[in-house]
Structures are given as C-alpha cells and as structure tokens.
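Here is the structure we will look at, set down as structure tokens.
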Amino acid sequence: MFGNLIWMIFGGLISAISWFFIGCLWCLTIVGIPVGLQCFKIAKLSLMPFGKDVVREESGFGGLLWNILWLIFGGLELAVMHLFVGVILAITIIGIPFAKQHFKLALLSLVPFGARIVPSNTLYMDIR
C-alpha cells in the first residue's frame, strides 16, 4: 500500500526498529518477556499501520496488572508522544491519514496487553 511506503520513508521504519530494539532489551530478562512481546507487536504495527486495526480482547486480571505496570514504566509517555504527533499532523490536510495512524499507535501504546492487531477488512466478532 502506498500509505505504508510513505509512512516508512518518513519515520515508520525508524520507529519500528526502535520498538524492536527496546523489545529485545526487555526480553533479556525473564520478567520482561511479556513487555518485550508487546513491544514487538507495536513494532509490527509501527512498520505498516495502514490497513490494520487494533481490537480489544479480554485479558483478565493479569492483563490489567501488566497494563498498569506498562503505564507506570513509560506507556503513558509513549501514548502522549503519539497523540502529540497525531495532533500536529492533523492540522495539515495531507497529514490527516498519518495522524489517524498515530492515534491508533497511541491507543496501543497506552494499553497493549489485551489488544490484537487485525487486518482492516476483517470482520471481528467477540465470542464469549
């Protein structure tokens, strides 16, 4: 998709590599592996965000606990950064599609545990 190519050229590739590197650092410790896996998930979306959606799934008490720890150790700052960049991009007409992707990344950066990335053309049904 053309949007993903433009996204990669203007910072998406650097963002994805950064998320991947941070995920590798988290995975060096046994306790940090769940956080590292979430970083890999965000890196994948950060590389090619167009054509993908983030859906919420039930994560239980463990997911809630991990999301709280994630927020304490930097998740809130990352979400605010994506939100800020998205607002700046939304000011321009050309930047609106890219702003939407930053808002998507902000949501995922805020609470990554219990989120799943699906193709945009996929119907997702929550069966409980």
Quiz item: What number of residues within the range 72-84 satisfy the criterion of being modelled with pLDDT under 90 and crowded, with 16+ Cβ neighbours inside 10 Å?
Solution: 4
Self-check item: Selected residue (only one of Phe50, Phe2 is farther than 20 Å from Gly114 by Cα, exposed (fewer than 12 other Cβ atoms within 10 Å of the Cβ) and either of a type outside the set (Gly, Ala, Ser) or touching an Asp or Glu at 6+ places or on another chain (Cβ under 9 Å) (or both))
Solution: Phe2
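Select the helices (runs of 4 or more DSSP H) contained entirely in the range 41-128, then report the ones holding at least 1 residues which are under 24 Å from Phe2 (Cβ atoms).
Values: elements: 60-70, 76-91, 96-110.
Counting at least 1 such residues, we get 76-91, 96-110.
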Quiz item: Does any residue of the range 55-63 turn out to be modelled with pLDDT of 90 or more and of a type in the set (Lys, Arg)?
Solution: no
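Please go through the range 24-36 and give me each residue that is farther than 18 Å from Leu107 by Cβ and assigned to a helix (DSSP H, G or I), ordered by number.
Going through the range 24-36, the residues farther than 18 Å from Leu107 by Cβ turn out to be 24-34, 36.
If the condition is that a residue be farther than 18 Å from Leu107 by Cβ and assigned to a helix (DSSP H, G or I), then Cys24, Leu25, Trp26, Ile33, Pro34, Gly36 are the ones that fit.
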Quiz prompt | Of all residues making up the range 14-44, the number that are aliphatic (A, V, I, L, M) and exposed (fewer than 14 other Cβ atoms within 10 Å of the Cβ) | solution = 7
Quiz item: Being part of a helix (DSSP H, G or I), within 23 Å of Arg116 (Cβ to Cβ), of a type in the set (S, T, N, Q) and at pLDDT 90 or above, is that true of even one residue in the range 12-23?
Solution: no
Quiz item: So which pairs qualify, if the first residue must be in the range 94-111 and within 17 Å of Ser18 (Cα to Cα), the second must be of a type in the set (S, T, N, Q), the Cβ gap must be under 7 Å, and the two must be at least 6 apart or on different chains?
Solution: Leu105/Ser46
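The values are calculated or read from the model by the stated rules, or taken from the named source; none is laboratory data. Here the structure is a predicted model, which is why all the values come from computation and not from measurement. Ideal geometry is used to build each Cβ from the backbone, glycine not excepted, and the neighbour counts take in all protein chains shown.
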